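For reference, the structure discussed in these notes is given below.
The values are calculated or read from the model by the stated rules, or taken from the named source; none is laboratory data. Because the structure is predicted, anything quoted here is derived from the model rather than measured. Every residue, glycine as well, gets a Cβ built from its backbone with ideal geometry; the counts of neighbours run over all protein chains shown.
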Amino acid sequence: MQILIMRHGQADATANSDAERPLTEHGVKEAAMMGKWMASKDIAPSQIWVSPYLRAQQTYQSLSECLSLSNEQLSELTTTQSMITPSGSASQVRDLIDGHLAEHADSPAQIETLLIVSHMPLVSYLVSELTQHEFAPIFQTAGIAEIDYDATHMMGHLNGVISPADLTS
């Protein structure tokens, strides 16, 4: 299966709390750019997990408008996961992923592509956790890491990290 781990787009530095920081206009454009990239690669997530923080929710909203999925499909595929915040535990998220995959292993609706929209430093630690510490990248805003994940062996391989800057150069 494929796991895509995405950092939110550029966020405003000011808000009443970290959880309430909105995307900047540039951040909205970054997320849309990555959504267009996903659409151009025919990447259609079969499960989407999004942090409850505003900037991650807005990133997902902007990105999802570019995917070839209906609002109903997106609603069915998307879950807000309270544990994928900046201070979340990569090992607990990995346990959640592995448990979810085991639960759906014999299901006709197996997960082929999981998209996770979250924050630094969790996204970096999660890549390391899923690839057996192969590499812990520093994500640019709206960057996406692509991991091929073997659910049987619970081990992944990082194919690369792409960001909006890579798409404009």
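Using beta carbons and a limit of 9 Å, which pairs, at least six apart or on different chains, have the first residue in segment 6-23 and of a type in the set (Ser, Thr, Tyr) and the second one surrounded by 14 or more Cβ atoms within 10 Å (Cβ to Cβ) and assigned to a loop (DSSP other than H, G, I, E, B)?
Short answer, once both residue conditions are applied: THR14/ARG21.
Which one is surrounded by the most Cβ atoms within 10 Å (Cβ to Cβ), of the residues in segment 87-118 that are outside any strand (DSSP E or B), in contact (Cβ under 8 Å) with a residue 60 or more places away in the chain and among the hydrophobic types (A, V, I, L, M, F, W, C)?
ILE97
Any idea which residue in segment 52-81 is nearest to GLN10 (Cα to Cα), counting only those that are touching a Ser or Thr at 6+ places or on another chain (Cβ under 9 Å) and aliphatic (A, V, I, L, M)?
The selected residue is ALA56.
So, in segment 156-167, how many residues would count as being touching a residue at least 40 places away in the same chain (Cβ under 8 Å) and either part of a strand (DSSP E or B) or among the β-branched types (Val, Ile, Thr) (or both)?
Count: 2.
Taking the residues in segment 145-160 that are in contact with a Gly (Cβ under 8 Å, 6 or more places away or on another chain) and within 23 Å of THR78 (Cβ to Cβ) as candidates, determine which candidate is surrounded by the fewest Cβ atoms within 10 Å (Cβ to Cβ).
Taking segment 145-160 as the starting set, the residues that turn out to be in contact with a Gly (Cβ under 8 Å, 6 or more places away or on another chain) are 145-150.
The next check asks that each one be within 23 Å of THR78 (Cβ to Cβ); those that pass are 145-149.
Working: ALA145: 26, GLU146: 19, ILE147: 22, ASP148: 13, TYR149: 20.
Residue satisfying both the conditions and the ranking: ASP148.
State whether one or more residues within segment 3-18 are within 13 Å of the chain's Cα centre (by Cα) and part of a loop (DSSP other than H, G, I, E, B).
First pass over segment 3-18, keeping only residues within 13 Å of the chain's Cα centre (by Cα): 3-9.
This time we only want the ones that are part of a loop (DSSP other than H, G, I, E, B), so: 8-9.
Yes: segment 3-18 contains one or more residues that are within 13 Å of the chain's Cα centre (by Cα) and part of a loop (DSSP other than H, G, I, E, B).
Filter segment 133-144 down to the residues that are more than 19 Å from GLN61 (Cα to Cα) and in contact with a strand residue (DSSP E or B) (Cβ under 6 Å, 6 or more places away or on another chain), then identify the one that is surrounded by the most Cβ atoms within 10 Å (Cβ to Cβ).
Step one: filter segment 133-144 for residues more than 19 Å from GLN61 (Cα to Cα), giving 133-139.
When the remaining residues are screened for being in contact with a strand residue (DSSP E or B) (Cβ under 6 Å, 6 or more places away or on another chain), the result is 134-135, 137, 139.
Numbers: GLU134: 13, PHE135: 14, PRO137: 17, PHE139: 22.
Checking each candidate, the answer is PHE139.
Condition check: in a helix (DSSP H, G or I), touching a His at 6+ places or on another chain (Cβ under 9 Å), aliphatic (A, V, I, L, M) and at pLDDT 95 or above. Does ALA31 satisfy that?
Numbers: in a helix (DSSP H, G or I): yes; touching a His at 6+ places or on another chain (Cβ under 9 Å): yes; aliphatic (A, V, I, L, M): yes; at pLDDT 95 or above: yes.
Yes.
I need a count of the residues in segment 6-45 that are closer than 20 Å to THR79 by Cβ and surrounded by fewer than 16 Cβ atoms within 10 Å (Cβ to Cβ).
2
Just give me the residues in segment 129-155 being of a type in the set (Gly, Ala, Ser), modelled with pLDDT of 95 or more and either assigned to a helix (DSSP H, G or I) or touching a Phe, Trp or Tyr at 6+ places or on another chain (Cβ under 9 Å) (or both), in sequence order.
To start, the set of residues in segment 129-155 that are of a type in the set (Gly, Ala, Ser) comprises 136, 142-143, 145, 151.
Narrowing further to those that are modelled with pLDDT of 95 or more: 142-143, 145.
Within segment 129-155, ALA145 is the sole residue that qualifies.
Taking into account only those residues within segment 1-23 that are over 11 Å from THR141 (Cα atoms) and touching a strand residue (DSSP E or B) at 6+ places or on another chain (Cβ under 9 Å), which is modelled with the lowest pLDDT?
First, pick out the residues of segment 1-23 that are over 11 Å from THR141 (Cα atoms): 1-5, 12-22.
Then drop every residue that is not touching a strand residue (DSSP E or B) at 6+ places or on another chain (Cβ under 9 Å), which leaves 1-5, 12, 21-22.
Values: MET1: 92, GLN2: 95, ILE3: 97, LEU4: 98, ILE5: 98, ASP12: 96, ARG21: 97, PRO22: 97.
Selected residue: MET1.
Looking at this structure, is SER62 surrounded by fewer than 19 Cβ atoms within 10 Å (Cβ to Cβ), touching a helix residue (DSSP H, G or I) at 6+ places or on another chain (Cβ under 7 Å) and not in a loop (DSSP other than H, G, I, E, B)?
On the way: surrounded by fewer than 19 Cβ atoms within 10 Å (Cβ to Cβ): no; touching a helix residue (DSSP H, G or I) at 6+ places or on another chain (Cβ under 7 Å): yes; not in a loop (DSSP other than H, G, I, E, B): yes.
Here the answer is no, as SER62 does not meet what is asked.
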